[in-house]
1. Run down 145, 156 and say which single residue is modelled with pLDDT of 95 or more and in contact with a Pro (Cβ under 6 Å, 6 or more places away or on another chain).
2. Pairs under 7 Å by beta carbon, first residue in the same structural domain as residue 109 (by TED's automatic domain parsing) and surrounded by 14 or more Cβ atoms within 10 Å (Cβ to Cβ) in the stretch 72-95, partner of a type in the set (Ser, Thr, Tyr) and outside any helix (DSSP H, G or I), six or more apart or different chains?
3. So which pairs qualify, if the first residue must be in the stretch 157-180 and assigned by TED's automatic domain parsing to the domain that holds residue 194 and within 16 Å of residue 139 (Cα to Cα), the second must be surrounded by fewer than 22 Cβ atoms within 10 Å (Cβ to Cβ) and charged (D, E, K, R), the Cβ gap must be under 7 Å, and the two must be at least 6 apart or on different chains?
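The values are calculated or read from the model by the stated rules, or taken from the named source; none is laboratory data. This is a predicted model, so every value here is computed, not measured. Every residue, glycine as well, gets a Cβ built from its backbone with ideal geometry; the counts of neighbours run over all protein chains shown.
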Amino acid sequence: MTTSASRRLVAFSAIVILASLSGCAETLMVGERVLWPPRAQVSDHVPGITPPYERMKSLRGLAGEARSMPGERQQQVSAELAAQYQQEADPLIRLEMLRTLAQFPTEPASGVLRTAMSDSDPDVRVVACELWGKRGGADATAVLVEALSRDSSADVRLAAARALGVTGDSAATTALGAALDDPDPAMQVRAVNSLRQVTGKDFGGDVDRWRQYVKGEPPAPAKPVSLADRVRNMF
């Protein structure tokens with residue numbers, strides 16, 4: 001490399017380093033070439049594509065307006081969202097759609113919540129369980145009992161057990177009683193907590209006494225509460 005070329009390379013390097021150190025927001029020009037544009041011209045938007053965060057913001061806005069919409073408008077919006085849900089590939093967007101649709105007391109919204117219980121993403125199914133619990137009613141109980149007994153994901157089954165407690169529906173007693181026989185201690189604790197909610201009874205954390213109650217047998221006298229039971233009852 002000639003001395004002249006070396007000097008030009010050094011000068012160019014100095015320009016780049018000084019520009020980066022100064023946080024320069026101006027367009028860097030070398031001769032007639034633009035090396036980078038001003039920061040104000042940089043955008044994360046792709047023409048024709050709405051960024052996910054903007055879609056989520058829009059969905060949350062709809063959720064906040066849902067209850068104040070006239071009935072006809074609720075039907076229209078929820079039907080449109082239901083159609084979009086069927087085509088949505090992003091599970092995070094599907095989650096937000098579910099939370100939004102849960103604010104609409106319409107059949108299209110309920111239909112999507114039912115569909116979501118078989119979503120390929122277990123996180124979506126977990127949220128669907130939570131939303132059904134808040135929705136309540138006979139349909140909610142039936143859907144959640146199905147998930148509790150059949151879903152392949154332990155997290156979804158736990159969410160279903162919790163949501164059944166939230167419904168407060170005594171019709172869930174039998175299904176929750178069956179969950180007491182699950183080998184997972186976390187499920188047993190969750191079932192006990194939900195049984196308290198749907199029955200109004202309290203046999204502490206004694207799974208055997210709860211089993212007896214669910215079977216229609218008189219529960220045995222309470223055992224002294226162990227430290228382990230006290231810890232479990234905290235959750």
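1. After ruling out the rest, the residue left standing is 156.
2. 74/106; 75/106; 78/106
3. What qualifies is 160/151; 163/130; 166/134.
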